[in-house]
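Asker: I have a structure I would like to understand better, so I am pasting it below and will then ask my questions one at a time.
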Amino acid sequence: MPRSTRPSLPGLTDRRLDALLALLSENPMVVLSGARIAREIGVSRSTVWRWIEKLRAVGVRVRGHIGSGYRIERVPDVLVPRLLRPLLRGTIFEKRIYHFFKVGSTNDVALTLGHAGEPHGALVIAEEQTAGRGRAGRKWISEKSLGIHATVLLRPPIPPAQAPLITLLAGLAVREAIAEQTGLAADIRWPNDVLLGGRKLCGILTEMHAEPDRTHFVVVGIGVNVNQTTMPEEIAALATSLRMASGRWTSRLELLAKLLIWLERYYNRFLAEGPQPILDRFAAVSSYAQGKRVRIVTASESFTGTTAGLEPNGVLRVQRDDGRIETVLAGDVMEA
Amino acid sequence: MTARKKTEEAKTGAASFDLEQLERVLEFMAQHGLEEFEYRHGDLHIRLRRAMANSNASAVRFAAPEIVVAQPSLAAAPVVSGAVPAAGPAPESPAAPAEPSPGEELHLIKSPIVGTFYESPAPDAEPFVRVGDHVEPGQVLCIIEAMKLMNEIESDVAGEIIRVHVENGQPVEYGQPLFSIRPTRKK
């Protein structure tokens, strides 16, 4: 039986800071005195001042100061539980939300929680990651409050052999959420890089803890570039953000909520109906599913070919230039 | 295992490497006083070992093909046996420290999914474990990747890594042995 003791989570956002943000958001036109805020959330006035500074640092527009009182300029786009939970009502993700202003990696936190017996549906969010991880030890650059960095913990009642399909449905969920929130039709590069204009704006790293016949848990880490206006030079040719692709600001709160709702929807469908609906949807929206010229780079080789659909288990089929069909289990897929 | 049984295995198990070729290799080994011969090509893996005290008592052993398709139980069995019990006197030469003794029961770590085996968390990083390392339960031994799903394989016993059955970047099947571990004896 999994233990249910909660591990210590350094940096977890103080519930009273969450309450402060909620209090300011619920009174957008009102100047609240430092004393009143302090009384309502149960901290000292100097702590209120310190926390207001912290909120300003992640882009929350708060006017005023310790003498005059504080007023929020617009509803903040911070992914704290008090603001996110109302958007997740009725989903498996509303109950256990772990928010950090800064953390090493949301996947690492979720893995720790998973080993400690945390239940299905736990959600870990960070405004900023200092050690965001990608595939093969690559970095994911996670700037302060401009993107979404979230990991969900799932305990799927399926054998580990079927778990890789979860990576496909996660990519689809991000794609659908973006379409719903912004109207943009993103592409998916197998298995789950979400692209706009050929550039990556979402990366998903899924990690599993399993025995041969039993899946203990899966953590799905999702990084979306949302409101960045520039990309670091080293990835500028490869990466983009919703803002850069659309020219518009996007609410991270709303996008994250939609993403999680789609994720649960596809997950339930997968459990109820098996892989087919996921494979069909992937084939419908991904330009990489069929007839795409690609270069495949695996740990042992590199070759070019043309994509030829997915296997029933989600594996990519690629027809090599010499005609042989290759199944790609893992590796980098690039447009050739 | 008798020599006869092994011959049969040779016939059924390795079509692309016939008995005649094996005999030639054994002859070559005897001529040059070689104790061990290992051959890998594609999914074929052959390891030959001679007892040095008696050149006639050559021991032949087939490891399971390193890639066994959808036959997890098949993949598991032969690889565990480790060193071949020689027909003649036991070899006197110093064995590698991690070499299992004949008939020893080793603990096998198998792959829970079809995927690609990674010995380290990143291409340029140190392997999680090496032969001879002592591991504890829960310690990460490797990663198996399938469709960007990373499965960290942990040891479920305390013990010494005796053998790594697969190479970095190699595809593995469901149930394929990854590591042989000699469990630490309880006091």
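Asker: Do any residues in region B:116-129 that are more than 24 Å from A:P164 (Cα to Cα) and more than 8 Å from chain A (Cβ to nearest Cβ) have Cβ atoms under 7 Å from those of residues that are open to solvent by less than 10 Å² (accessible area, probe 1.4 Å) and not in a loop (DSSP other than H, G, I, E, B), where the two are at least six apart or on different chains, and which pairs are they?
Answerer: The qualifying pairs are B:V129/B:V135; B:V129/B:L141; B:V129/B:I161.
Asker: When region A:106-138 is examined, which residues are found to be of a type in the set (A, V, I, L, M) and touching a His at 6+ places or on another chain (Cβ under 6 Å)?
Answerer: Within region A:106-138, A:I125, A:A126 meet the criteria.
Asker: Looking only at residues in region B:154-172 that are at the interface with another protein chain (Cβ under 9 Å from one of its Cβ atoms) and open to solvent by 10 Å² or more (accessible area, probe 1.4 Å), which one is nearest to B:P183 (Cα to Cα)?
Answerer: The first filter runs over region B:154-172 and keeps only residues at the interface with another protein chain (Cβ under 9 Å from one of its Cβ atoms), leaving B:154, B:156, B:167-171.
Right, trim to open to solvent by 10 Å² or more (accessible area, probe 1.4 Å) and you get B:154, B:156, B:167-168, B:170-171.
On the way: B:E154: 14, B:D156: 10, B:E167: 22, B:N168: 24, B:Q170: 26, B:P171: 26 Å.
So, considering only residues that are at the interface with another protein chain (Cβ under 9 Å from one of its Cβ atoms) and open to solvent by 10 Å² or more (accessible area, probe 1.4 Å), the one nearest to B:P183 (Cα to Cα) is B:D156.
Asker: From A:G323, A:G314, grab the single residue that is surrounded by fewer than 19 Cβ atoms within 10 Å (Cβ to Cβ) and at positive phi. So that I can check it myself, show each step before the final result.
Answerer: Details: A:G314 fails: surrounded by fewer than 19 Cβ atoms within 10 Å (Cβ to Cβ).
Going through A:G323, A:G314 in turn, just one is surrounded by fewer than 19 Cβ atoms within 10 Å (Cβ to Cβ) and at positive phi: A:G323.
Condition check ((1) over 20 Å from A:R265 (Cα atoms); (2) of a type in the set (F, W, Y); (3) surrounded by 19 or more Cβ atoms within 10 Å (Cβ to Cβ)) across all residues:
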site: A:A131; (1), (2), (3): yes, no, no
site: A:S145; (1), (2), (3): yes, no, yes
site: A:A150; (1), (2), (3): no, no, yes
site: A:P160; (1), (2), (3): yes, no, yes
site: A:A179; (1), (2), (3): no, no, no
site: A:I188; (1), (2), (3): no, no, yes
site: A:V226; (1), (2), (3): yes, no, yes
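Asker: Identify the residue in region A:134-143 that is among the charged types (D, E, K, R) and either within 15 Å of A:D108 (Cα to Cα) or at pLDDT 80 or above (or both) and, among all such residues, is least open to solvent (accessible area, probe 1.4 Å).
Answerer: Result: A:R135.
Asker: Here's another thing I want to ask about it. Looking at the structure I just gave you, is A:A150 at pLDDT 95 or above and either over 29 Å from B:C142 (Cβ atoms) or not assigned by the TED database to the domain that holds A:L256 (or both)?
Answerer: Values: at pLDDT 95 or above: yes; either over 29 Å from B:C142 (Cβ atoms) or not assigned by the TED database to the domain that holds A:L256 (or both): no.
Taking the combined requirement at face value, the residue does not satisfy it.
Asker: Hey, among A:L88, A:L113, A:L146, A:L154, which residue is within 23 Å of A:A257 (Cβ to Cβ) and within 14 Å of another protein chain (Cβ to nearest Cβ)?
Answerer: So the residue among A:L88, A:L113, A:L146, A:L154 that is within 23 Å of A:A257 (Cβ to Cβ) and within 14 Å of another protein chain (Cβ to nearest Cβ) is A:L154.
Asker: While we're on this one: I'd like to check which strands (runs of 3 or more DSSP E) are fully inside region A:62-118 and have at least 1 residues that are within 23 Å of B:G138 (Cβ to Cβ).
Answerer: A:97-103
For (1) in the same structural domain as A:H149 (by the TED database); (2) modelled with pLDDT under 95; (3) among the aromatic types (F, W, Y); (4) farther than 23 Å from A:T182 by Cβ, each residue gets a yes or a no:
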residue	(1), (2), (3), (4)
A:L256	yes, no, no, no
A:E264	yes, no, no, no
A:F270	yes, no, yes, yes
A:S300	no, yes, no, yes
A:F303	no, yes, yes, yes
A:A308	no, no, no, yes
A:D321	no, yes, no, yes
A:T327	no, yes, no, yes
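Asker: Search region A:119-143 for residues being assigned to a strand (DSSP E or B) and of a type in the set (A, V, I, L, M, F, W, C), and hand back the single one that is nearest to the other protein chains (Cβ to nearest Cβ).
Answerer: Of all residues in region A:119-143, those assigned to a strand (DSSP E or B) come to A:123-129, A:133, A:139.
Filter once more, keeping what is of a type in the set (A, V, I, L, M, F, W, C): A:123-126.
Values: A:L123: 19, A:V124: 17, A:I125: 21, A:A126: 19 Å.
Residue satisfying both the conditions and the ranking: A:V124.
Asker: Can you pull out every residue in region A:197-216 that is open to solvent by less than 40 Å² (accessible area, probe 1.4 Å) and either under 17 Å from the mean Cα position of the chain (by Cα) or more than 9 Å from chain B (Cβ to nearest Cβ) (or both)?
Answerer: A:L201, A:C202, A:G203, A:I204, A:L205, A:T206, A:E207, A:M208, A:H216
Asker: In this structure, does B:Q139 turn out to be open to solvent by 20 Å² or more (accessible area, probe 1.4 Å) and under 18 Å from the mean Cα position of the chain (by Cα)?
Answerer: It is false that B:Q139 is open to solvent by 20 Å² or more (accessible area, probe 1.4 Å) and under 18 Å from the mean Cα position of the chain (by Cα).
Asker: Could I ask something else about it? Considering region A:249-266 alone, what residues qualify as being open to solvent by 30 Å² or more (accessible area, probe 1.4 Å) and in contact with a Leu (Cβ under 8 Å, 6 or more places away or on another chain)?
Answerer: A:E254, A:I261, A:W262
Asker: Any residue that is over 13 Å from A:C202 (Cα atoms) and open to solvent by 40 Å² or more (accessible area, probe 1.4 Å) - is there at least one of those in region A:163-174?
Answerer: No, there is no match, as no residue in region A:163-174 is over 13 Å from A:C202 (Cα atoms) and open to solvent by 40 Å² or more (accessible area, probe 1.4 Å).
The values are calculated or read from the model by the stated rules, or taken from the named source; none is laboratory data. Fair warning: this is a prediction, and the values are worked out from it, not measured in the lab. All Cβ positions, even for glycine, are placed from backbone atoms using ideal geometry, and neighbour counts span all protein chains on display. Only protein heavy atoms, including side chains, enter the accessible area calculation; ligands, DNA and RNA are left aside. Shrake-Rupley method; radii C 1.70, N 1.55, O 1.52, S 1.80 Å.
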